[in-house]
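Taking it in order: structure first as C-alpha cells, then the write-up.
The values are calculated or read from the model by the stated rules, or taken from the named source; none is laboratory data. Quick caveat: nothing in here was measured; it's all calculated off a predicted structure. Note that each Cβ is placed from the backbone with ideal geometry, even for glycine, and that neighbours are counted across all protein chains shown.
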Amino acid sequence: MEVGLKKILVVLGTRPEAIKLAPVILQLKKIQGFDVEVVSTGQHTNLVNTMLDLFSVQADMVFNTLEVAKTLPQVVSNVLKDAEVVIERTQPDLVIVQGDTASAFAFALAAFYNQIEVAHVEAGLRSYNKLSPFPEELNRVYIAQIAKYHFAPTEVSKKNLLKEGIEEDNIFVVGNTSIDALRLILGDERFNAKNVQNLTSSKKQILLTQHRRENFSRHENGVFKAVAQIAHEYGSNIEIIFPMHPNPVVREASKSYFENLSNIKLIEPLDYQDFSNLMASSYLIVTDSGGVQEEAPSLNVPALITRDTTERTEIVSLGAAKLVGVEEKAVFNAITNLLDDEKSYESMRHKQNPYGDGHSSLRISNVLVDKLQFRNA
Ligand code: UDP
C-alpha cells in the first residue's frame with residue numbers, strides 16, 4: 001500500500017446495508033488518500049450482490065460462513081472469527097459499519113478488540129425497547145459504545161447518542177444515506193423501470209412489505225389478516241403488491257393468507273431500482289421496513305408502519321407516516337381510512353423528508369477526510 005494511504009474497510013451483509021453504504025463507498029473511492037475495500041459478511045449474498053451491481057460497486061471479500069449459521073450467536077461468532085482474519089491481513093485504519101445487524105455488531109467488536117477505529121453510519125436510532133426491533137436495538141446500542149465516529153441521520157438521533165454519553169465532538173448529523181441511494185438510483189428513469197410497468201395499473205395500488213421477525217413470532221399475522229380483508233372488501237378497485245422477503249416464515253405465512261385473492265400479487269424481491277419505482281407509483285405503503293419508512297416521504301407516498309414502536313419517530317411527528325401496530329383491526333381501519341378519506345390521505349403528503357437531501361455520503365466523506373487523511377501514518 002502506498003505510504004500515507006488510509007485503508008478503510010466498509011462492512012455490509014444485508015440488502016439495506018448494501019443500499020445505504022453503496023453511496024458512501026462511491027464517495028470514499030473518489031478520495032485519493034483512501035484505499036477502500038468492501039467486505040460482504042454473506043448474510044444475504046444474492047440480494048446484496050444485486051444491489052451492489054446496480055451501483056457498480058463490488059465486494060472485495062465475501063465471507064461464506066454465514067451460509068451455515070442458523071442462530072444469532074452463530075452469526076456473531078462466525079463474523080467475529082472471519083473479521084479477525086481480515087483485520088489481521090488488511091490492517092485497516094478504519095472500519096465502517098452501518099445500522100444495526102448482528103454482523104455489523106460482530107465486525108465492530110472484532111475491530112475494537114484489535115484497537116481499530118470504527119465509524120458508524122446511521123447512528124443513534126433508538127426504540128428504547130430491547131425486544132423491538134429484535135435484536136437490532138441492542139446491536140446498535142453496542143455499536144455506539146464501540147464506535148469513534150457517529151454519523152447520525154437527524155438531531156433526534158444525535159440526542160439519543162448524547163444521552164448514552166457519546167462525545168458530542170464525534171457525532172455528525174449528516175442525514176440518512178438511504179436518501180442518497182434513492183437520488184442516485186431514480187435519476188431520470190423514475191417511473192420507467194420495465195418490470196414495474198407490468199405491475200402498475202390505474203387502480204389504487206397498495207405496496208406491502210413485511211419481514212420483522214418479532215411481528216411473526218408474537219402477533220402471528222394480524223397484518224396479513226387485515227390486508228386480506230381489505231383485498232376482499234375493495235375487490236377490483238385496488239391492487240396490492242407484496243414483494244416477499246426471503247425469510248421462509250414470512251413467505252409461508254403470506255401464501256396461506258393471500259393464496260386465493262386475485263388482487264394481491266405475491267412477487268419475488270425486486271431490485272432497488274424497480275422497487276423504488278414501485279414505491280413511487282403506489283397510492284399507499286404498508287410496511288414494517290426501516291428503509292422504506294425513510295424513503296416514502298421523498299416519493300410523496302403516505303406510509304402505515306406495522307410495528308409497535310418505531311425508531312424513525314421524525315416521520316411520524318411530521319405526519320408523513322402513521323404507527324399503526326400489528327393488530328388486525330387497527331391495521332384494517334388505518335388502511336380503509338386512507339383509501340376512503342381523501343382529506344386524511346392528502347394531509348400525509350407533500351412533506352419535506354426529515355432524513356436528508358441525498359447528500360449524506362459527501363458529508364461523511366468530508367468528515368473522514370478531515371479526521372483520517374491529514375493524520376500522520
Ligand atoms: N427493497 C428493495 N426491494 C424489495 C424490497 C425492499 O430494494 O423488494 C429496499 C427498500 O427500498 C429499502 C430496503 O430494501 O431501501 C429495505 O430493506 P429491508 O426492508 O429488508 O430492511 P430494513 O430497512 O427494515 O432494515
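Please specify each residue of segment 313-326 satisfying the condition of being crowded, with 21+ Cβ neighbours inside 10 Å and either closer than 20 Å to P243 by Cα or within 15 Å of the ligand (Cβ to nearest atom) (or both).
Passing the criteria: I315, A321, V326.
Give the residues of segment 155-176 that are over 23 Å from F112 (Cβ atoms) and within 16 Å of the ligand (Cβ to nearest atom), sorted by residue number.
If we filter segment 155-176 for residues that are over 23 Å from F112 (Cβ atoms), which is where we start, we get 155-156, 159, 173, 175-176.
Result: G175, N176.
From the residues in segment 89-135 that are outside any loop (DSSP other than H, G, I, E, B) and among the hydroxyl-bearing types (S, T, Y), which one is nearest to I19 (Cα to Cα)? Working first, answer last.
Within segment 89-135, the first condition is being outside any loop (DSSP other than H, G, I, E, B), and the residues that meet it are 89-90, 94-98, 102-113, 117-121.
Those left that are additionally among the hydroxyl-bearing types (S, T, Y): 90, 103, 113.
Details: T90: 24, S103: 16, Y113: 28 Å.
Of everything passing the filter in segment 89-135, S103 is nearest to I19 (Cα to Cα).
Per-residue answers, yes or no, for (1) out of contact with any Ser or Thr (no Cβ under 9 Å at 6 or more places or on another chain); (2) modelled with pLDDT under 95; (3) under 23 Å from L182 (Cα atoms):
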site: T336; (1), (2), (3): yes, no, no
site: L339; (1), (2), (3): yes, no, no
site: Y345; (1), (2), (3): yes, no, no
site: K351; (1), (2), (3): yes, yes, yes
site: G358; (1), (2), (3): no, yes, yes
site: N366; (1), (2), (3): yes, no, yes
site: F374; (1), (2), (3): yes, yes, no
site: A377; (1), (2), (3): yes, yes, no
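Within segment 21-75, which residues are part of a loop (DSSP other than H, G, I, E, B) and among the charged types (D, E, K, R)? If you could, list the steps in order and put the result at the bottom.
Step one: filter segment 21-75 for residues part of a loop (DSSP other than H, G, I, E, B), giving 30-33, 41-44, 55-60, 63-64, 68-71.
The answer is K30, D60, K70.
Listed here are the residues, each with its yes/no results for (1) of a type in the set (S, T, Y); (2) under 21 Å from E136 (Cβ atoms); (3) part of a loop (DSSP other than H, G, I, E, B).
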site: K225; (1), (2), (3): no, no, no
site: E233; (1), (2), (3): no, no, no
site: E239; (1), (2), (3): no, no, no
site: V250; (1), (2), (3): no, yes, no
site: S262; (1), (2), (3): yes, no, yes
site: D274; (1), (2), (3): no, no, no
site: N277; (1), (2), (3): no, no, no
site: S282; (1), (2), (3): yes, no, yes
site: V286; (1), (2), (3): no, yes, no
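Go through segment 135-149 residue by residue and tally those that are within 16 Å of the ligand (Cβ to nearest atom) and crowded, with 17+ Cβ neighbours inside 10 Å. Write out each step before concluding.
Pass one, segment 135-149, residues within 16 Å of the ligand (Cβ to nearest atom): 135-140, 143.
Imposing the further condition that a residue be crowded, with 17+ Cβ neighbours inside 10 Å reduces the set to 135-137, 139-140, 143.
Matching residues across segment 135-149 total 6.
Could you grab me the full set of residues in segment 278-312 that are within 9 Å of the ligand (Cβ to nearest atom) and touching a Leu at 6+ places or on another chain (Cβ under 9 Å)?
Filtering segment 278-312 down to residues within 9 Å of the ligand (Cβ to nearest atom) leaves 278-279, 287-295.
Scanning segment 278-312 gives L278, M279, T287, G290, V292, E294, E295.
Of everything in segment 244-262, what is farther than 24 Å from L52 by Cα and in contact (Cβ under 8 Å) with a residue 40 or more places away in the chain? Give them in sequence order.
V250, S254
On the basis of being in a strand (DSSP E or B), touching a helix residue (DSSP H, G or I) at 6+ places or on another chain (Cβ under 6 Å) and away from the ligand (no atom under 14 Å from the Cβ), does V10 make the cut?
Numbers: in a strand (DSSP E or B): yes; touching a helix residue (DSSP H, G or I) at 6+ places or on another chain (Cβ under 6 Å): yes; away from the ligand (no atom under 14 Å from the Cβ): yes.
Yes, satisfied.
Looking at (1) more than 21 Å from L184 (Cα to Cα); (2) within 15 Å of the ligand (Cβ to nearest atom), which one does F63 not meet, given that it meets all the others?
The single condition F63 does not satisfy is (2).
With T287, T306 as the choices, which residue is over 15 Å from the mean Cα position of the chain (by Cα), surrounded by 24 or more Cβ atoms within 10 Å (Cβ to Cβ) and not aliphatic (A, V, I, L, M)?
On the way: T287 fails: over 15 Å from the mean Cα position of the chain (by Cα).
Exactly one of T287, T306 is over 15 Å from the mean Cα position of the chain (by Cα), surrounded by 24 or more Cβ atoms within 10 Å (Cβ to Cβ) and not aliphatic (A, V, I, L, M), namely T306.
Among what's in segment 1-41 and is under 24 Å from Q273 (Cβ atoms) and without any contact (Cβ under 8 Å) to a residue 60 or more places away in the chain, pick the residue that is nearest to the chain's Cα centre (by Cα).
Among those that are under 24 Å from Q273 (Cβ atoms) and without any contact (Cβ under 8 Å) to a residue 60 or more places away in the chain, it is A18.
Only one residue in V326, V331 is in contact with a Gly (Cβ under 7 Å, 6 or more places away or on another chain) and either acidic (D, E) or not in a helix (DSSP H, G or I) (or both). Which one? Talk me through it step by step, then tell me what you get.
On the way: V331 fails: either acidic (D, E) or not in a helix (DSSP H, G or I) (or both).
Exactly one residue qualifies, and that residue is V326.
Condition test on P269, is it within 16 Å of the ligand (Cβ to nearest atom), under 18 Å from the mean Cα position of the chain (by Cα), part of a loop (DSSP other than H, G, I, E, B) and closer than 23 Å to G325 by Cα?
no
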